[in-house]
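The values are calculated or read from the model by the stated rules, or taken from the named source; none is laboratory data. As the structure is a computational prediction, the values presented were derived from the model and not from experiment. No Cβ is skipped: glycine too gets one built from the backbone with ideal geometry, and neighbour counts run over all protein chains shown. All accessible areas refer to the heavy atoms of the entire protein, side chains included, with ligands and DNA or RNA removed. Shrake-Rupley method; radii C 1.70, N 1.55, O 1.52, S 1.80 Å.
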Amino acid sequence: MLFKKQTWHWPHIVALISCGIVAALIPVLLDLIWEKELLEPIEFKAVDMRFKRRPLAAVLEPVPAPDGSAQTVSNSIVALDYDNKASSELGLGRWPWDRRVHAQVFDMLKKAGARSVLVDIVFDHPVKDPAEDRAMIEATRQAGIVILPVVFKEVEGSGTDEFFTKAPRHLLHAEVEGFGYIPGVGELSLPLPGLVDAAAGLGHIQSTTISGAMRRTPLLYATKGGFVPSMALVAALRDLEVEPASIRLERGKTLRFKPRLSDEVVIPINKQGRVWINYAGEWGKRFVHYPYSWVQAQMKSPAHRERVLRLFKDKHVLLSNLTTVSGSDVIATPFEDEFPTSEAYLHILNMILTKQFLRNATTGELVVCHGLPIALLTASALAGGPMLIIPTFLVVTGIYTYTLQHMFNTQSAVLPAAGPLLSLTLGLVFLLLTRFFIVDRERVRFQSVLGTCLPPHTLKIIKDSPGMVATLLAGHSRELVILFADIKGFSVYCKKADALQIQRVLRDYLTAMTAIILEHGGTLDKYMGDGIMAFFGDAEPEGGGEAKEEERVERNAASAVLTALAMQKKMAELNASWMSMGQEPHLIRIGINTGTVTVGNLGTEYLMDYTVIGPEVNKAQRLESAAEPGGILLARRTYALARKQGVLPEDLPPKVVNLKGIGEEPDAYPVPPEIVAQLTTAHSGSSK
């Protein structure tokens, strides 16, 4: 099982929790020290991945196709692209074209019933033929739906007052409150004066890149007397019939306005005055692009003319120049490295009209994002070792990654990715190292020194509950069952046998006896030449009342007796093997006592000695010395406990035994070799 009741010490708990806190704080400190320059590029890449994995339905208004299926393109925003084919086939020549061509386009779109025309072409200087400019100015005025671009250099503060003096009616006025940065207008390029007067609106077409891509953009730039809005915002405000008095700017928080026929629109902005651009997809796949050459070819046919005009009815039309796309005409977006800048305005307009704005995480969401994943990982470190920490890391990382995408798709929330995932990774490393070098250090050292001396169930308890190591190592008193065994007359045997023979006999004997002790749940304490010392019951949890403790001691007394019987049986098998090789047989004596002893690591840093000491230990050793070769000698309490478990007969007679250094033991219970043989046979049969 992964989860076990564990014995913990406060220093270990504090160490693991501190690892989690440090892992959570490191990304925050990195952002503060490097002013987000270190993690922000990673964060933006993570946002780009969410854009690419988001379904279309999340970003375009639901419009049915003629066949009833889901619409895959916008039904209200299109693009009319000046193309190279028009230059050659229509005889328009190289760019720039005659401005009367633009005048004709404005007239056509007005007659088609377009809602607005967003022009992504700057007309900031007159041409040689004044008639061209006059025609375009008049067409702009007659159309009443043309929104022209302005360009400028971004500066701090309110910048130049040129917009205020030359185009005051196109300024946006807003009630301003709060604190935050709004970029300013500098080195302004306005359209021709006549176009300024004739245009339905002026808006900026600034393309601002962060970490190499256009992801956020200011909808407003500050200037004397008001703000210069983006071209997409101008179109949206006109289309939604927004009352100028309803526009409010909360610096660093939101831009708000009230459409005439709907609820207030709230656009989240950051402290730099920028809004996330909620891109709907790759270039050309979400908004229909009509090449100007194709439109003109269709317009020549009376049969097709009306159908072409209907394509632009009730549409917002972006008029862009794609005849010569240079490096300055493209940007990088979450979808593509080379994305025609003009289409970004379509995505911004779509975002405002559909009121589908991306937002940063709230304070509460930030706390959860930065705290909950690492808290779960820390909890796994408290509950278990690497076998729990690593799967928890993988599961939490997977769930968090899914949550990032889910919140992006359904709540338009841009939750942090780089910081929390870095915290999780650092937390994994810190917690594993802390578990290994601090929490599990005693267990590893304990197992490396005494692992071969402990029964499997004790090792499992230590593995599941590392805190048990400290309990086992700390000196404490407990009632245990102690077993001693040695070979009768082995010292005499050593005087006449050669060293290799002695080594072979001891190896066979000690190996076999140790395996039996561990198999029956005993802890091997030490070898003393040919002597063996073991005890039972040290690793079992304490508590539960006197009845539970008595049951534990009774069970371990029975285990010790069964161990002794198995050892005597194994000794008979070893004797048969030795005799077949021409070696003499040996007999062992076993003594078992039950009593309260001091148990723990009674050694030093130089030599660990996990053992038991006390009068009851001495008594067990004296019982072994007084036992009959091939037999077992039990103290009275040991016999009584084992008898309750049914491993010894009810009528075993007591015997008065004189124990060296202790005196008479009136109630010792010998198990002579013949009864050992009977009990061994009986228990062997019952275990099959």
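Could you tell me the relative contact order of region 67-182? Use alpha-carbon pairs under 8 Å, at least six residues apart, and round to a whole percent.
Rounded, it is 23 percent for region 67-182.
What order, most packed first, do the peptides 107-114, 338-345 have when packing is the mean number of other Cβ atoms within 10 Å of each residue? Walk me through the intermediate numbers first.
Details: 107-114: 17.6, 338-345: 21.6.
Result, highest mean first: 338-345, 107-114.
Which value in nm describes the separation of the simple spin-label points at VAL28 and PHE436, placed 7 Å from the Cα toward the beta carbon?
Placing both labels 7 Å beyond Cα along the Cβ direction yields 2.9 nm.
Which of the helices in the chain meet the span-like rule: DSSP H, Cα axial reach of 27 Å or more, Kyte-Doolittle mean at least 0.5?
10-34, 363-383, 386-411, 499-519
Just by accessible area at a 1.4 angstrom probe, what is the order of TRP97, TRP283, TRP10 from largest to smallest?
TRP10, TRP283, TRP97
Give or take rounding to whole Å, what are the principal axis extents of the alpha carbon atoms in region 485-540, in descending order?
The Cα atoms of region 485-540 stretch 44, 15, 13 Å along their principal axes.
Multiply the residue gap between GLN272 and LEU607 by 0.36 nm, knock off their C-alpha separation, and tell me the result in nm, one decimal place.
114.1 nm
Of LYS253/LYS355; LYS45/LYS153; LYS36/LYS153; LYS619/LYS660; LYS111/LYS300, which ones are farther than 20 Å apart at the Cα?
LYS45/LYS153; LYS36/LYS153
Starting from a Cα-only point model with no solvent, please compute log10 I(q)/I(0) by Debye for region 78-138 at q = 0.12, 0.19 1/Å.
So the normalised log intensities work out to -0.32, -0.81.
State log₁₀ I(q)/I(0) for region 319-417 at q = 0.23, 0.24 Å⁻¹ as given by the Debye formula over alpha-carbon point scatterers of equal weight, solvent excluded.
For the requested q values the scattering log ratios are -1.15, -1.19.
Could you give the Stokes-Einstein D for region 219-378 in µm² per second, using the C-alpha Kirkwood radius, 10 °C, 1.306 mPa s?
84 µm²/s
Any chance you could look up the accessible area of LYS153 with a 1.4 Å probe, heavy atoms only, rounded to 10 Å²?
We get 110 Å² for LYS153.
On a straight-distance basis, which lysines could pair with LYS110 in a cross-link, Cα separation under 16 angstrom, same-chain partners fewer than 8 positions away excluded?
LYS313, LYS315
Starting from a Cα-only point model with no solvent, please compute log10 I(q)/I(0) by Debye for region 281-352 at q = 0.14 1/Å.
-0.54
Just reorder HIS125, HIS170, HIS520 by solvent-accessible area, largest first, 1.4 Å probe, all chains present.
The residues order as HIS125, HIS520, HIS170, largest area first.
Non-local amide H neighbours of GLY201 (under 5 Å, H modeled in plane, Pro and chain starts lacking H): which ones?
It is LEU148, by chain and number.
As a test, work out the antiparallel percent of DSSP beta bridges whose residues both lie in region 126-208, rounded to the nearest 5.
Around 45 percent of the beta bridges assigned by DSSP in region 126-208 are antiparallel ones.
Give the span of the chain's Cα atoms along each principal axis, as three whole-Å numbers ordered largest to smallest.
134, 51, 47
Once fully extended, how much extra length lies between ARG134 and ASP651, figured as 0.36 nm per residue of separation less the alpha-carbon to alpha-carbon distance?
Using 0.36 nm per residue and subtracting the Cα-Cα distance, I get 173.3 nm.
How much of the accessible area of region 101-231, probe 1.4 Å, is carbon plus sulfur, in whole percent?
51 percent
Can you tell me, using C-alpha contacts under 8 Å and at least 6 residues apart, the relative contact order of the chain as a whole percent?
14 percent
Kirkwood Rh over Cα pairs of region 247-307 into Stokes-Einstein at 25 °C, 0.890 mPa s: D in µm²/s?
157 µm²/s
Along the Cα→Cβ direction, 7 angstrom out, place labels at ALA497 and VAL127. What is the inter-label distance in nm?
The answer from the label model is 11.6 nm.
When a/c is below 1.5 the answer is rounded, else prolate if a/b is larger than b/c, else oblate, so apply that to region 604-688 with a ≥ b ≥ c taken from the square roots of the Cα gyration tensor eigenvalues.
oblate
Using a/c under 1.5 as the rounded threshold, could you call region 146-288 rounded, prolate or oblate? The axes a ≥ b ≥ c are square roots of the C-alpha gyration tensor eigenvalues, and prolate needs a/b larger than b/c, oblate otherwise. Each step should come with its number before you reach the end.
Details: a/c = 1.13, a/b = 1.12, b/c = 1.01.
Rounded, because the longest to shortest axis ratio a/c is under 1.5.
From largest accessible area down, sort ARG94, ARG100; use a 1.4 Å probe on the protein chains. Kindly include the intermediate steps, with their values, before the conclusion.
Values: ARG94 210, ARG100 90 Å².
Of ARG94, ARG100, the descending order of accessible area is ARG94, ARG100.
Between THR209 and GLU551, what length in nm is gained on full extension when 0.36 nm per residue of separation is reduced by their alpha carbon distance?
Full extension from THR209 to GLU551 adds 115.6 nm.
Obtain the radius of gyration and the Kirkwood radius of region 526-645 from its C-alpha atoms and give Rg over Rh.
For region 526-645, the value is 1.03.
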